[in-house]
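Down below is the structure, laid out as C-alpha cells.
The values are calculated or read from the model by the stated rules, or taken from the named source; none is laboratory data. Owing to the predicted nature of the structure, the values given are computational and were not obtained by experimental measurement. Backbone-built Cβ (ideal geometry, glycine too); neighbour counts: all protein chains shown. Just so you know, the surface numbers come from the protein's heavy atoms only, side chains and all, with ligands and any DNA or RNA stripped out. Shrake-Rupley method; radii C 1.70, N 1.55, O 1.52, S 1.80 Å.
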Amino acid sequence: NLAVPLKNNKIALQVLNEPNAEWGVSFETVRERFEYVRHGAKWDQFINNINFIKSVKPDLLVNAHPLYCTYSAFNLVEYYDYVLNEKLFNSIYWCVIQNIDGLNVLKLSKNLKEKAIKEIEKCEIKFKGATGIDHLIDIKNTIIASLNDTVTVKTTFNTFTSTIESQLNKDVKFNDLWPDLAKELVA
C-alpha cells in the first residue's frame with residue numbers, strides 16, 4: 001500500500017529499473033479513511049510515493065487493487081473521483097472481502113445492502129465505462145441476490161472495529177470517519 005518512503009528503498013528502486021515491471025497498489029479509501037483502513041500509512045506519503053514512481057517511469061503501469069468491504073462500499077464515488085481525476089492509475093481490480101464477517105458487505109442488514117447498491121449505481125452513472133466499474137456491477141448483482149438473506153453482522157462488526165481500534169491504539173475512530181454509516185451499524 002506504499003506506506004513507506006520509496007526514494008531510498010532498495011527493492012522499490014530495483015523494481016523501478018525492471019523493464020517489464022508493473023505496480024499493484026492496495027488501497028480502497030482516500031485521505032483520513034485511507035489512514036484508518038491502512039493503519040500506519042499516511043496519505044501524504046502514499047501520494048508522494050505514487051508521484052515518485054510516475055516521475056521515475058511515467059509510462060509504468062500502476063494498478064489499484066482495492067478491497068470491496070464495509071470500509072469502501074459507501075464511499076465509492078469519492079474513491080473514483082480521486083483515482084480518475086489524478087490519472088495516476090491504469091486499472092482498478094476489485095477484490096471482495098468475504099472471509100472477515102465484520103467487513104463482509106454481503107452480511108450487512110438489508111438496508112445497508114441497499115445503500116451499498118445505490119453507491120455502486122451512482123458510480124455506474126457517473127463513471128460509465130471506467131476501469132473496474134464492470135466488476136462493481138458484478139458485485140452489485142451479488143448483493144442484490146443476497147438482499148433477502150437474514151444474516152447481519154452488526155455485533156461482529158462492532159467487535160471487530162472496537163478490537164482493532166483498541167489493539168492499534170487508534171486516535172481516530174470509525175464513528176468519526178463514517179458518521180452516517182456508524183449511526184446504523186455501530187449504534
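What net charge do the residues around PHE46 carry, taking every other residue with its C-beta under 14 Å from that of PHE46, with Lys and Arg at +1 and Asp and Glu at -1?
Working: positive: LYS7, ARG31, ARG33, ARG38, LYS42, LYS54; negative: GLU28, GLU32, GLU35, ASP44, GLU86.
My count for the surroundings of PHE46 gives +1.
To the nearest 20 Debye, how big is the dipole of the chain about its Cα centre, given +1 on the beta carbon of each Lys and Arg and -1 on that of each Asp and Glu?
Charge dipole of the chain: 120 debye, to the nearest 20.
What trypsin sites (Lys or Arg not before Pro) does region 1-108 have in DSSP loop regions with at most 16 other beta carbons within 10 Å?
Details: sites: LYS7, LYS10, ARG31, ARG33, ARG38, LYS42, LYS54, LYS87, LYS107; in loops: LYS7, ARG38, LYS42, LYS87.
In loop regions of region 1-108 (DSSP not H, G, I, E or B), the sparsely surrounded trypsin sites (Lys or Arg not before Pro) are LYS7, LYS42, LYS87.
Give the lysines whose C-alpha is closer than 28 Å to that of LYS183, dropping any in the same chain fewer than 8 places away, or say none.
Once the sequence-local lysines are set aside, what remains near LYS183 is LYS42, LYS107, LYS110, LYS113, LYS115, LYS118, LYS122, LYS126, LYS140, LYS154, LYS170, LYS173.
If I model region 1-105 as equal point scatterers sitting on the Cα atoms and use the Debye formula, what is log10 I(q)/I(0) at q = 0.21 Å⁻¹?
So the normalised log intensities work out to -1.15.
Relative to the longest principal Cα axis of the chain, at what angle does helix 133-145 sit, 0 to 90 degrees, rounded to 10?
The helix 133-145 is inclined about 20 degrees to the chain.
At a 1.4 Å probe, what is the % contribution of carbon and sulfur to the accessible area of the chain?
Here carbon and sulfur together make up 49 percent of the probe-accessible area.
What Kirkwood hydrodynamic radius do you get for the chain when you take the inverse of the mean 1/r over all pairs of distinct Cα atoms, in Å? Intermediate results must be reported in sequence, preceding the final value.
Values: mean 1/r = 0.0570 Å⁻¹.
After inverting the pairwise mean of 1/r, the radius is 17.5 Å.
Which angle from 0 to 90°, rounded to the nearest 10, does the C-alpha axis of helix 110-126 make with the longest principal axis of the chain?
Once rounded, one gets 40 degrees.
Taking only protein heavy atoms and a 1.4 Å probe, what accessible area per residue, in Å², does the chain have with all protein chains in place?
Value returned for the chain: 53 Å² of accessible area per residue.
If you fit an axis through the alpha-carbon atoms of helix 43-56 and take the longest principal axis of the Cα set of the chain, what angle between them do you get, 0 to 90°, nearest 10?
40 degrees
Order the peptides 69-80, 110-121 from the highest to the lowest mean number of other Cβ atoms within 10 Å of their residues. Numbers along the way, then the final one.
On the way: 69-80: 21.1, 110-121: 17.1.
Ranked from most to least packed, the peptides come out as 69-80, 110-121.
Below 8 Å between Cα atoms, with a sequence gap of 6+, how large is the relative contact order for the chain in percent?
Values: 237 pairs, mean separation 35.6, N = 187.
Reported relative contact order: 19 percent.
Across region 156-172, in residue order, what do the Karplus-derived ³J(HN,Hα) couplings come to in whole Hz, using 6.51 cos²θ - 1.76 cosθ + 1.60 with θ = phi - 60° and x for Gly and Pro?
Listing the rounded values in order: 4, 4, 4, 5, 4, 5, 5, 5, 4, 5, 6, 4, 8, 6, 6, 6, 8 Hz.
Helix-derived [θ] at 222 nm for the chain: sum -39500 (n - 2.57) over DSSP H runs of at least 4, divide by residue count, nearest 500?
Theoretical 222 nm ellipticity from helices: -15000 deg cm²/dmol.
For region 115-185, take every pair of Cα atoms, bin their distances at 5 Å starting from 0, and report each bin as a whole percent.
Taking every Cα pair in region 115-185, the percentages come to 3, 13, 16, 17, 16, 16, 14, 4, 0.
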